[in-house]
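Structure, as structure tokens:
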Amino acid sequence: MSWFKRAKQGIQTAEKKTLPDGLWQKCDYCGEILFTKELEKRLWVCSKCNNHFIIDTDRYIEILCDPGSFAETHRGLRSGDPLGFKDLKRYDQRIRDSMKKTGREEAVVTGFAQINGRDVVLAIMDFEFMGGSMGSVVGEKIARATTDATKYRRPLIIISRSGGARMQESILSLMQMAKTCAALSRLADAGVPFVSIVTNPTTGGVTASFASLGDVVIAEPKALIGFAGPRVIQQTIRQELPEGFQRSEFLLKHGVIDIICPREKLRQTLEGLLDFFCVHMAETSQEAEKDEEDSSAVY
């Protein structure tokens, strides 16, 4: 009881200080304990294993967009509850809880933005909102953003983070796969580019629809990308899966994605792609105008 004797003798003992919450973060991939401020400087990438932490929509906007250029679109949409779905909670209560938790209306945010001065249409999924699941509103907002890109001839960029289709909406959520794919088909017919950025995790109906349809598909390192999860597949086929199965590096090797890009170079990569695509779009428009003039001259 040395501390008791010290107090009796009038010797002051310093009180034990508690560390504030959020000062340190643990990497889920390697277990390293990381100083939060240093992690922020590294754009939430582990300094030991290069694991890319899941980050929210606002951080992606800060990383990718020119300051102050993002303008949100298609606000005010809200999912209904046609099935009156209830598990441990009612579906409408889960939506309200997610809205309160994230400050978002739904699991995707869409808007107009600029990247290095070039106009784009941007959609970012938020995994904190019901696991980034795709219901009727998510599909509708992705389709509307794609329509905006088609109408204004702005390159479309979608950042996907999702657990898949939202079971609480049943077939209505699955219908969004066809809806988004149809909108992207019209975008392609108009000659407007689409860059898909898949992050950890991107699974289920999102992977099986718009996330895989980019003219260029970019993945962050070590991202889990697939339809069914590895455990489900392994239990179904009763075979051991290859090492790194469904991770970005495995998918790049097998031609499923085009680029693995660390977060610190993501904006630079997009700038290069936009420069290439915008030049191509300008040349295509000039050729189309020339063809119209030639047709007019003939008739």
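Derivation of every value follows stated rules applied to the coordinates shown; laboratory data play no part. As the structure is a prediction and not an experimental result, all values here were calculated from the model. Backbone-built Cβ (ideal geometry, glycine too); neighbour counts: all protein chains shown.
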Show that you can apply the helix-only estimate: for the chain, add -39,500 (n - 2.57) for every DSSP H stretch of four or more residues, divide by all residues, and state [θ] at 222 nm to the nearest 500. -12500 deg cm²/dmol
Theoretical FRET efficiency, 1/(1+(r/R0)^6), r = Cβ-Cβ of Asp258 and Ser47, R0 35 Å, to 0.05: 0.85
Once exposed loop GluC sites (Glu not before Pro) are cut out (DSSP; at most 11 other Cβ, 10 Å), longest piece of the chain: 16-239
Per residue of segment 44-56, in order, report the coupling 6.51 cos²θ - 1.76 cosθ + 1.60 (Karplus, θ = phi - 60°) as ³J(HN,Hα) in whole Hz, putting x for Gly and Pro. 6, 10, 5, 6, 8, 10, 6, 5, 8, 5, 6, 10, 8
Please state the charge dipole magnitude for the chain, taken about the Cα centre, from unit charges on C-beta atoms (+1 on K and R, -1 on D and E), reported in debye and rounded to the nearest 20. 2140 debye
Please report the antiparallel percentage of DSSP beta bridges with both residues in the chain, rounded to the nearest 5. 50 percent
Taking the Cβ-Cβ separation of Ile233 and Lys26 as r and a Förster radius of 25 Å, what is the calculated FRET efficiency to the nearest 0.05? 0.35
Sticking with the crude label model, points 7 Å out along Cα→Cβ, report the distance from Ser69 to Arg96 in nm, one decimal please. 4.0 nm
What whole number of Å gives the distance from the Cα centroid of segment 37-92 to the Cα centroid of segment 203-244? 20 Å
May I have the count of lysine pairs in segment 54-298 with C-alpha atoms under 18 Å apart, counting pairs 8 or more residues apart or located on different chains? 7
Taking a crude spin-label model, label points 7 Å out from Cα along the C-beta direction, the Ala188 to Leu77 distance in nm is 2.1 nm
For segment 49-117, what does the relative contact order come out to in percent, with C-alpha contacts under 8 Å and a separation of six or more? 49 percent
Isolated cysteines for the chain, Cβ-Cβ cutoff 4.7 Å, are Cys65, Cys181, Cys261, Cys278
If I build a Gaussian network model for the chain, linking alpha-carbon pairs within less than 10 angstrom, which residue out of Cys65, Cys49, Cys261 has the largest mean-square fluctuation? Cys49
Tilt of helix 136-152 relative to the longest C-alpha principal axis of the chain, in degrees (0 to 90, nearest 10)? 50 degrees
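Looking at the chain, which longest stretch skips every one of the trypsin sites (Lys or Arg not before Pro) that is in a DSSP loop with at most 10 other Cβ atoms within 10 Å, leaving the sites themselves out?
On the way: sites that count: Lys16, Lys17, Arg238.
With trypsin sites (Lys or Arg not before Pro) excluded where exposed in loops, the chain gives 18-237 as its longest stretch.
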Comparing Met99, Met177, Met134, which has the greatest mean-square fluctuation in the GNM of the chain with Cα pairs linked when under 10 Å apart? Met99
Rounded to 0.05, the calculated FRET efficiency for the beta carbons of Arg118 and Ala178 at R₀ = 35 Å is 0.70
